[in-house]
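Structure first, then comments.
None of the figures in this text is laboratory data; all of them are computed from the coordinates on show. Only a predicted model underlies this, so the values are computations on that prediction, with no experimental measurement involved. Note that we place each Cβ from the backbone using ideal geometry, even for glycine, and neighbour counts take in every protein chain shown.
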Amino acid sequence: MSDIKSVLVDTTFLSALHKKDDTWHKNAKEYYKYFLNEKISLNISVISLAEFFVVADPKDFPQYNIRLIALNYNHSVKASEIAKILFKEQKEKHPEVKRKIIPNDAKIISHMKVDEISHVISSDDHFIKLIEILNSLNNSSYKLIHLQNSLADELRYLFLPERLKGKDFL
């Protein structure tokens with residue numbers, strides 16, 4: 001993960017970090033410490049932060065370590081482009097995406113493009129699927145870090161030769 005300069009954290013990451021009984025708490029804590037130690041910029045959308053405040057007190061937000069990104073005109077333009085692509089793709093080819101594509105997902109993804117954030121960390125399967133769809137369609141290079149994978153597993157994956165990545169060894 002040495003190529004990571006910045007990461008967009010989503011609500012699932014922040015919630016897992018905050019709630020000790022969350023399934024992914026241990027992983028979130030390991031990633032959080034790693035990002036801070038490696039001086040990787042952590043970023044969050046105001047949308048994800050508002051979602052987090054539904055389940056947590058605002059005083060629990062680690063505001064000194066995570067940069068808050070507000071939506072502006074450029075984000076709005078990019079979000080509309082992303083939403084159009086996703087709405088069309090979901091309707092035509094991905095009926096397995098059960099929930100409606102929430103425009104908020106497109107807005108959150110727009111931060112990556114506009115603010116040049118290379119990676120996103122999430123455990124939200126639907127959000128991850130949207131990122132994968134975008135990557136397959138228009139050669140986007142949104143890099144996913146699955147919160148379900150431990151930091152150790154992600155680091156091990158980095159050292160696999162390219163020809164072995166994506167192969168199932170079990």
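Counting other Cβ atoms within 10 Å as a rough exposure proxy, the listed residues ARG67, ARG156 run ARG156, ARG67 from fewest neighbours to most. The chymotrypsin sites (Phe, Trp or Tyr not before Pro) of the range 33-81 that DSSP puts in a loop, and whose beta carbon has at most 13 other beta carbons within 10 Å, are TYR64. Under the shape rule built on the C-alpha gyration tensor, where the axes satisfy a ≥ b ≥ c, the range 6-164 is oblate, since a/c reaches at least 1.5 while a/b does not exceed b/c.
Determine, for LYS107, LYS39, the number of other Cβ atoms within 10 Å of each Cβ, and report the residues in order from fewest to most. Kindly include the intermediate steps, with their values, before the conclusion.
Numbers: LYS107 21, LYS39 7.
The order, fewest Cβ neighbours first, is LYS39, LYS107.
Mind checking the range 1-69 for GluC sites (Glu not before Pro) that DSSP puts in a loop (not H, G, I, E or B) and that have at most 15 other Cβ atoms within 10 Å? Qualifying residues, ordered by number: GLU38. Measuring between alpha carbons in the structure, the pairs from LYS19/LYS59; LYS33/LYS78; LYS59/LYS143; LYS5/LYS107; LYS88/LYS129 lying more than 24 angstrom apart are LYS33/LYS78; LYS59/LYS143.
Determine the relative contact order of the range 18-131: mean sequence separation of Cα pairs under 8 Å and six or more apart, normalised by residue count, in whole percent.
On the way: 73 pairs, mean separation 27.5, N = 114.
Result for the range 18-131 is 24 percent.
Within 10 Å of each residue's Cβ, count the other Cβ atoms and sort ILE40, ILE108 from fewest upward. Don't jump to the answer; show the numbers that get you there.
On the way: ILE40 17, ILE108 28.
Taking fewest neighbouring Cβ atoms as first place, the list is ILE40, ILE108.
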